[in-house]
Amino acid sequence: MDAIDTSPASPARPLLCVVGARPNFMKMAAILPALQQPPDPLPVRLVHTGQHYDAAMKEAFFVQLGIPEPDDDLGVGSGSHAVQTAEIMKRFEPVIDQWHPRAVLVVGDVNSTLACALVATKKGVPVIHVEAGLRSFDRTMPEEINRILTDQIADLLFTTEKEADAQLRREGIHPDRIYFAGNVMIDTLLRILPRVPDPATILGTLPGGHAFMASSEVPSDRHDSESLVPGSHGIVTLHRPANVDDPRILARLLDCLGEVSRDIPLIFPMHPRTANQIRVQGLLDRLQKQRVLPTPPLGYVEMLGLVARARLVLTDSGGLQEETTALGVPCLTLRDNTERPITVQQGTNTLVGNNPEKIRAGVAEILAGGGKKGHVPELWDGQAALRIAAILKHHFGHAT
């Protein structure tokens, strides 16, 4: 491995930590305190690109997770992939020029990840990629392109599973640059889990929540009749273009959810793009009179409280595949592939695509037999961020 340049440029020379979208926040919430832990803390600056950001999100993620106010907020906002990536690059370069950082740390696979990694490497600044090596092998997904390119230009790559190490080596990444550290998102999950509220408390704060609980009694011919209790509900999330951008596919999925809800009530926190598509296409009536509760996007704590006590989860989210595996909750992923195969191989996840027949069969199997049991993967133990911090302090701690 080539030596990493850690020669000092200024007394306050920090490590720039980048977040841009919801999936980044849970990971950075574990990494930041680990980097700053005594006796040898690293100076850090938190850069928020503004790829996803609003006042509600600040409360729902930054405050709940204990993430400090960003030192630099680039305020990029939404846009096409090309426009957003270009705008992030334009606004991030002056931050590099101002602070001459020791390195730039990026997480995950969103546009901010690739954009800031590109700027850093072109400026000669080392790039650290946390959650490297994950592959869906579906290059129609923008996230897959972001993952591949970021890994190719990163100087240090931290993985969540050993298969990701092997994948990086197959792609020509030198083993000296790769570190199997575990899953930092699970660090945050384990830290927050003891203080999440119960489902009834959460639903009591949501529009329609009380009515939903009252109408979601378990049928008396199947179980003891009672209001919504832990283990008696399912969670749904949808946001991938393949599932929500085509009105026919979206309508088919909503009809399927209505059918599933006859056997188990479903809580459906709606991603803004999904809610907009449902509204524009006039599909909300597909869920009316069903045991499905559409809600606005939820904060991390509320979502974790509902997922942790769910009977099952139906999702196309990568993060929820990991969280359900860590929690032992059966998960049906409404995709034909996943960049997190360990959740299928070792965890509680099953791929069913967006085929209603496979979805219904998967739900029936879970309700009849409890679904896949699985086990928690290696190093998903709440200590991943500390392992990452120890390595980074070794590489960059002497720069002053």
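The values are calculated or read from the model by the stated rules, or taken from the named source; none is laboratory data. Nothing here was measured: the structure is a model prediction, and the numbers come from that model. Every residue, glycine among them, receives a Cβ derived from its backbone with ideal geometry; neighbour counts consider all protein chains shown. Surface accessibility is based on the protein's heavy atoms, side chains included, excluding ligands, DNA and RNA. Shrake-Rupley method; radii C 1.70, N 1.55, O 1.52, S 1.80 Å.
Compute from the Cα atoms of the stretch 316-369 the Rg and the Dmax, the latter being the longest Cα-Cα distance, and quote both in angstrom.
According to the Cα coordinates of the stretch 316-369, Rg and Dmax are 10.3, 28 Å.
Just for the Cα atoms in the stretch 252-400, what are the lengths along the principal axes, largest first, rounded to whole Å?
Largest to smallest, the principal-axis extents are 62, 36, 26 Å.
Pick out which of 268, 137, 92 has the largest mean-square fluctuation in a Gaussian network model of the chain, springs linking Cα atoms closer than 10 Å.
137
Kindly state, to the nearest 0.05, the FRET efficiency for residue 283 paired with residue 145, given R0 = 30 Å and r defined as their beta-carbon distance.
Here the calculated transfer efficiency is 0.50.
Can you list the equivalent-ellipsoid semi-axes of the stretch 249-298, largest first and in whole Å, using the square root of 5 times each Cα gyration tensor eigenvalue?
So the three semi-axes of the stretch 249-298 are 17, 13, 8 Å.
Pick out, in residue order, every one of the trypsin sites (Lys or Arg not before Pro) in the stretch 233-336 that is DSSP loop and has at most 16 other C-beta atoms within 10 Å; say none if there are none.
Of the trypsin sites (Lys or Arg not before Pro), the ones in loops of the stretch 233-336 whose Cβ has at most 16 other Cβ atoms within 10 Å are 262, 289.
Write down the Å³ per residue value for the convex hull defined by the alpha carbon atoms of the chain.
Expressed per residue, the convex hull around the Cα atoms of the chain is 129 Å³.
Among all lysine pairs in the chain that are eight or more places apart or on different chains, how many have alpha carbons less than 18 angstrom apart?
Lysine pairs meeting the criterion: 4.
Could you list the GluC sites (Glu not before Pro) in the stretch 338-400 that lie in coil according to DSSP, counting only those with at most 14 other Cβ atoms within 10 Å of their Cβ?
The qualifying sites are 378.
With axes computed from alpha carbons, what is the tilt in degrees of helix 111-122 against the longest principal axis of the chain, rounded to the nearest 10 within 0 to 90?
10
Cβ neighbours within 10 Å, averaged per peptide: list 71-77, 146-152 in order, most packed at the top.
Listed from highest to lowest mean packing, they are 146-152, 71-77.
Please give me, ordered by residue number, the GluC sites (Glu not before Pro) of the stretch 151-189 that lie in loop per DSSP and have at most 14 other Cβ atoms within 10 Å.
171
Rounding to the nearest 10 and keeping the result within 0 to 90°, find how far the Cα-based axis of helix 81-99 lies from the longest principal axis of the chain.
Result, in degrees: 40.
What FRET efficiency comes out for the pair residue 245/residue 97, r = Cβ-Cβ distance, R0 = 45 Å, nearest 0.05?
Working from the Cβ atoms, E equals 0.70.
For the pair residue 381/residue 69, report the inter-label distance in nm, with labels modelled 7 Å from Cα in the Cβ direction.
If labels sit at residue 381 and residue 69, their model points lie 3.9 nm apart.
When the expected Rg is taken as 2.2 N^0.38 Å, what fraction or multiple of it is the alpha-carbon Rg of the stretch 102-142?
Compared with the compact-globule rule of thumb, the stretch 102-142 sits at 1.23.
In Å and whole numbers, how far do the C-alpha atoms of the stretch 335-400 stretch along each principal axis, longest first?
60, 22, 14
Below 8 Å, C-alpha to C-alpha, sequence gap of six or more: please give me the relative contact order for the chain in percent.
RCO, the chain: 17 percent.
Could you look at the stretch 298-376 and say what percent of its accessible area is carbon and sulfur, using a 1.4 Å probe and all protein chains?
Carbon and sulfur atoms account for 48 percent of the accessible area of the stretch 298-376.
If r is the Cβ-Cβ distance from residue 205 to residue 78 and R0 is 22 Å, what FRET efficiency results, to the nearest 0.05?
The formula returns an efficiency of 0.20 here.
Using a probe radius of 1.4 Å on heavy atoms only, what accessible surface per residue do you get for the chain? Whole Å² is fine.
Accessible area per residue, the chain: 41 Å².
Rg (Å, one decimal) plus Dmax (Å, integer) for the alpha carbons of the stretch 138-186?
So, for the stretch 138-186, Rg and Dmax equal 10.9, 30 Å respectively.
Could you give the angle, 0 to 90 degrees to the nearest 10, between helix 356-369's Cα long axis and the longest principal axis of the Cα atoms of the chain?
Approximately 80 degrees, to the nearest 10.
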